[in-house]
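The values are calculated or read from the model by the stated rules, or taken from the named source; none is laboratory data. Quantities reported herein were computed from a predicted structural model and do not represent experimental measurements. Cβ coordinates were reconstructed from backbone atoms using ideal geometry, including for glycine residues, and neighbour counts include every protein chain displayed. Heads up: the accessible areas ignore ligands, DNA and RNA and are worked out on the full protein's heavy atoms, side chains in. Shrake-Rupley method; radii C 1.70, N 1.55, O 1.52, S 1.80 Å.
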Amino acid sequence: MPDPDPAGAGARLPGHTEPASIRNFCIIAHIDHGKSTLADRMLQLTEVVDARKMRAQYLDRMDIERERGITIKSQAVRMPWRVRAGERAGTSVVLNMIDTPGHVDFTYEVSRSLAACEGAVLLVDAAQGIEAQTLANLYLAMENDLTIIPVLNKIDLPAAQPEKYADEVARLIGCDPADCLRVSGKTGDGVAHLLDEIVRQVQPPVGQVDDPVRAMIFDSVYDIYRGVVTYIRVIDGRISARDRIKMMSTGAVHELLELGVISPEPVKSGAIGVGEVGYLITGVKDVRQSRVGDTVTIAARPAATALGGYSDPRPMVYSGLYPIDGSEYPALRDALDRLKLNDAALSYEPETSAALGFGFRCGFLGLLHLEIIRERLEREFGLDLISTAPNVVYRVIMEDAEEIQVTNPSEYPTGKIARVFEPTVRATVLTPNDYVGAVMELCQGRRGQLLGMDYLSTDRVELRYTLPLGEIIYDFFDQLKSRTKGYASLDYESSGEQESDLVKVDILLHGEPVDAFSSIVHKEKAYAYGVTIAAKLRKLIPRQQFEVPIQAAIGSRIIARETIRAMRKDVLAKCYGGDITRKRKLLERQKEGKRRMKMVGRVEVPQEAFIAALSTSTTVDQGPKRRSG
Amino acid sequence: MHMVLPDVALAAVGARGFGVYVHVPFCARRCGYCDFNTYTPAESGLRGGYIDALLGEAQRAALVLGGAGPPLVETVFFGGGTPTLLPAADLGRVLERLDRLWGLASDAEVTTEANPESVSPATLRALRAAGFTRLSVGMQSVAPHVLALLDRRHEPGQALAAVEAARAAGFDHVNLDLIYGTPGETPEDFAGSLAAAVNAGVDHVSAYALIIEEGTPLAARMARGEVPYPDDDVAADRYLAAEEALSAAGFSWYEVSNWARGVSGRCRHNLGYWRGADWWGFGAGAHSHLGGVRWWNVARPGDYRDRLARGLPVVAGSETLTEADRQVETVLLGVRLAEGLPAGALRGPAAAEAEAAVAEGLLDAGAWRVGRAVLTVRGRLLADAVVRRLLP
């Protein structure tokens, strides 16, 4: 155990800490701008982790996060700190560092993390400048009235240009470039000063000590040994370990099994008071029973009104997940059931595809979420999966005024449709000004509406667009990166919906629709989509004994056609004495291969053909950092 | 030291017909498309000792078969390689030995393969005198550019001259081998080859689609893009052309790639393979089949000779067919024949598949009505697909 009180904050135990001595802050940064490394230095400086136990990116728990160097689940660490310099030198405080998710898919979780803080460290790589995702989170923090402390990281790098990026950051948040702190998470340079500045600049939390308890859940994590661990920020009142708590959204009451703070390992405590950050465990097994954004109160003396800002996670992107080996379907179901315990945003229901067999239609917050779930299913559960091209949710109004939510293109209604709405996003692209034209061309090609354009500095531009979400989930990020030589960054947030001229394109094989390839696309792009998929399938599907037309159709109207010519010859010319054994084995293998074929009507299609046809369209358009070594 | 066959293999040897295959694994030169077990002088210096080795293996076979009662040999087939690279007298010694050990049937069919450039009228007379009754000549094509691509050494006219000489030497049965679908071959080229074969007066034609075998020089040239790959649709067109031209000239197909004038023109030895007969294959790399046991000899002639000389087995591998294997073989071999399969050989769902294949025009409706599964012309081109459906 590290010394819990290196800063001499003797009386400042959880539940007994004056709000005036507390600072709650988070770090806003792009995924590879060094947030986790900086956090590691803070843990060392405040001596809550000793050097022996220190491992890189201590706070990132899941393997996938560690490998990619990204943080998905936030956590809160309580760090005692004695101010080293300035007017308050010698003052002891408690710092709660709340780690925020860095990715757009988790905007809601980011917003709850921010709501738990009074201040935010804006961390920017001094060699790269601010990125679009950081900008979006910065705006979110500013909207929440957080104190922003601008910090340039990696000043030890030869390529660092602190002056240039200090100007850029100062312009964004309206401060003096000289106010930008300079640190190196790697060497530890400037980190102690940063902690002092957090104490000086960030407001202490304010709450009603004697009011009924209101605590906001900003994270909820399933642990196989403990059940769900819920992270809370107490706004009003004081939770004691003996209390029975109540979830205000559902009214559910739970015994408290444990209450404590993270420092950075869990430390039990008897109580948590106003302004403090900690965790609680009730024994529930599913994070859906302890949802991010919900308000926790005490059953015996409940608060009258919940804190604002709660909303149910809403899947934005859907994809069908199918086991390549059909016999793994039960294993896939079990694995999804397990992942769901720790992921309130994951939704799924059984689905049957003529092309792919039995699987699940899964709803995700976004593409990264999809990729993470898929990768965990494959890695942690050993499943081989094929996923259909991701699609968004469409709201279809029929002429008889019936409203239908479409989460699977093959279920798009066939009757008379009055109007169709598709979700839109407000996208921010930061790009060197050399590539502005290329970015605009891309966005316009994806039906984007330009909202505005600003120069962050003389050579960096911020472009703001409204784009259909459905246009972003299909290789948009890859295209953006390739058109800007990797320099552009992208962020987007949901911005409602728009009515659009959308149609469902079906792909028919010998007259039978292949459900896995049905897609909802803009009318003007239907032809291009149909031609592309039909041509791809023609190359992938082997010739049959009869001619097989591949058609793309909107309703009963054929918009594209390819033909797989009939196979006319399938016979080995020679079969003499020495060939018989080989020939017998060959035919038996072929017959076995035939059993693995999927039948679409009369057409035999090797599953590999579907996989190959789908694989290129399922590349997830995010490029998380890969670490070497 | 010799192999011991299980009783099941030895039971009723001869009742299923008994043939002998003799493999002569030597060629003057290897053709670019060929993946057969054959060696050029540069690859194997062995020649002379080979006949003695063959005689030695025959002696062993006689010991193995001894107790089962030696069957009469009804057919003999010398294949290669190029058997006619060896002196006719040497080939004759092998026939003499077979006759001495088991007896050659008085009407035995005795065939040898020959390359057009490796036989002279004198050789042919010697072969006929040694007891050969049938000659199979590798003509392949009359188009010089096709022969060139195949690496064949002979002039287009040499094959026809060999046929002429064979008939003059007293061969009543002569086959011409054709290869179709060679890249660069035109429909006219192939029509010319068919016409030449018909006009040569032979009673048997084999026509094979060019197969690109892995590891051959031709496959390498195609992989490098120097020569285009053969096209299956072209091959199908050529096959139909062969069927049409040969039918018109009085030939009938009796196996997917084989046509004959009259029943007497058919190759009885090869029919044995397709009907599940017994045969012993002598020589390096030769395959044998006796009563449900298949085995094959070591491939290299040097190994083969040395093992015989040292009393070691020459068998490189073997398999004993299960009832299910035999069923599969009955279907896959029988379907290739014009006589087809008896409907009774099709079990369970295969019978229903046969009905469907009749409906799709792959099996002949008239033959099916009288209880036989016989391929239509279109079915012959898709024979492997039909077999897969008819397998148990």
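What's the number of the condition A:K591 fails, among (1) at pLDDT 90 or above; (2) within 14 Å of another protein chain (Cβ to nearest Cβ)?
Among (1) at pLDDT 90 or above; (2) within 14 Å of another protein chain (Cβ to nearest Cβ), A:K591 violates only (1).
Return yes when A:K539 is open to solvent by 10 Å² or more (accessible area, probe 1.4 Å), within 9 Å of chain B (Cβ to nearest Cβ) and of a type in the set (K, R) and no when it is not. Before the answer, list the steps.
Values: open to solvent by 10 Å² or more (accessible area, probe 1.4 Å): yes; within 9 Å of chain B (Cβ to nearest Cβ): no; of a type in the set (K, R): yes.
No.
Across region B:273-299, which residue is farthest from the other protein chains (Cβ to nearest Cβ) among those that are of a type in the set (F, W, Y) and in contact (Cβ under 8 Å) with a residue 40 or more places away in the chain?
Going residue by residue through region B:273-299, those that are of a type in the set (F, W, Y) are B:273-274, B:279-280, B:282, B:295-296.
Imposing the further condition that a residue be in contact (Cβ under 8 Å) with a residue 40 or more places away in the chain reduces the set to B:273-274, B:279-280, B:282, B:295.
Numbers: B:Y273: 5, B:W274: 8, B:W279: 6, B:W280: 10, B:F282: 12, B:W295: 10 Å.
Among those residues, the one meeting the criterion is B:F282.
Take residues that are within 14 Å of chain A (Cβ to nearest Cβ) and within 22 Å of the chain's Cα centre (by Cα) and tell me which of the helices (runs of 4 or more DSSP H) falling wholly in region B:161-272 contain 3 or more.
Details: elements: B:187-199, B:217-223, B:232-248.
So the answer is B:232-248.
So, in region A:264-286, exactly how many residues are of a type in the set (K, R) and in contact with an Asp or Glu (Cβ under 8 Å, 6 or more places away or on another chain)? Can you show your working first?
Of region A:264-286, the ones of a type in the set (K, R) are A:268, A:285.
So of that shortlist, the ones also in contact with an Asp or Glu (Cβ under 8 Å, 6 or more places away or on another chain) come out as A:268.
Counting residues in region A:264-286 that are of a type in the set (K, R) and in contact with an Asp or Glu (Cβ under 8 Å, 6 or more places away or on another chain) gives 1.
May I ask you to say which residue of A:A528, A:A612 is away from chain B (no Cβ under 14 Å), open to solvent by 20 Å² or more (accessible area, probe 1.4 Å) and touching a helix residue (DSSP H, G or I) at 6+ places or on another chain (Cβ under 7 Å)?
Among A:A528, A:A612, only A:A612 is away from chain B (no Cβ under 14 Å), open to solvent by 20 Å² or more (accessible area, probe 1.4 Å) and touching a helix residue (DSSP H, G or I) at 6+ places or on another chain (Cβ under 7 Å).
I need the full set of residues from region A:346-360 which are of a type in the set (A, V, I, L, M) and either in contact (Cβ under 8 Å) with a residue 40 or more places away in the chain or within 18 Å of A:I386 (Cβ to Cβ) (or both), in order please.
A:A354, A:A355, A:L356
In region A:576-616, which residues are of a type in the set (K, R) and within 38 Å of the chain's Cα centre (by Cα)?
Those that are of a type in the set (K, R) and within 38 Å of the chain's Cα centre (by Cα): A:R596, A:K598.
In region A:218-249, which residues are more than 22 Å from A:E118 (Cβ to Cβ) and either of a type in the set (D, E, K, R) or free of Cβ contacts under 8 Å to residues at least 40 places away in the same chain (or both)?
Passing the criteria: A:D223, A:I224, A:Y225, A:R226, A:A241, A:R242, A:D243, A:R244, A:K246.
With respect to B:L218, determine if the residue is under 26 Å from A:D570 (Cβ atoms), out of contact with any strand residue (DSSP E or B) (no Cβ under 7 Å at 6 or more places or on another chain) and in contact (Cβ under 8 Å) with a residue 60 or more places away in the chain. Before you say what the answer is, go through the steps one by one.
Numbers: under 26 Å from A:D570 (Cβ atoms): yes; out of contact with any strand residue (DSSP E or B) (no Cβ under 7 Å at 6 or more places or on another chain): yes; in contact (Cβ under 8 Å) with a residue 60 or more places away in the chain: yes.
Yes; evaluated as a whole, the condition is true for this residue.
Select from region A:298-320 the residues that are in a strand (DSSP E or B) and either more than 30 Å from A:R112 (Cα to Cα) or small (G, A, S) (or both) and list them in ascending order.
A:S319, A:G320
Can you tell me which residue within region A:546-584, out of those that are under 21 Å from A:M597 (Cβ atoms) and open to solvent by 40 Å² or more (accessible area, probe 1.4 Å), is farthest from the other protein chains (Cβ to nearest Cβ)?
This residue is A:E562.
Out of region B:314-334, which residues are within 10 Å of another protein chain (Cβ to nearest Cβ) and aliphatic (A, V, I, L, M)?
B:L321, B:A324, B:V328, B:V331, B:L332, B:L333
Filter region B:335-351 down to the residues that are under 18 Å from the mean Cα position of the chain (by Cα) and within 14 Å of chain A (Cβ to nearest Cβ), then identify the one that is farthest from B:E255 (Cα to Cα).
Among those residues, the one meeting the criterion is B:V335.
Scan region B:39-52 residue by residue and report those that are out of contact with any Pro (no Cβ under 8 Å at 6 or more places or on another chain) and either part of a helix (DSSP H, G or I) or modelled with pLDDT of 95 or more (or both).
Listed by number, the residues that qualify are B:G48, B:G49, B:I51, B:D52.
Do you know which residues across region B:300-356 are under 23 Å from A:K583 (Cα atoms), without any contact (Cβ under 8 Å) to a residue 12 or more places away in the chain and open to solvent by 60 Å² or more (accessible area, probe 1.4 Å)?
Those that are under 23 Å from A:K583 (Cα atoms), without any contact (Cβ under 8 Å) to a residue 12 or more places away in the chain and open to solvent by 60 Å² or more (accessible area, probe 1.4 Å): B:T322, B:E323, B:P349.
Considering region B:206-223 alone, what residues qualify as being open to solvent by less than 20 Å² (accessible area, probe 1.4 Å) and either on the phi > 0 side of the Ramachandran plot or among the polar types (S, T, N, Q) (or both)?
Result: B:S206, B:T216.
Matching residues to (1) among the aliphatic types (A, V, I, L, M); (2) touching a Lys or Arg at 6+ places or on another chain (Cβ under 9 Å); (3) under 30 Å from A:A29 (Cβ atoms):
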{"site": "A:E462", "(1), (2), (3)": "no, no, yes"}
{"site": "A:L469", "(1), (2), (3)": "yes, no, yes"}
{"site": "A:Y487", "(1), (2), (3)": "no, yes, yes"}
{"site": "A:L508", "(1), (2), (3)": "yes, no, no"}
{"site": "A:F517", "(1), (2), (3)": "no, no, no"}
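Name the residue, out of B:R389, B:R380, that is facing chain A (nearest Cβ under 10 Å), touching a residue at least 40 places away in the same chain (Cβ under 8 Å) and in a helix (DSSP H, G or I).
The match here is B:R380.
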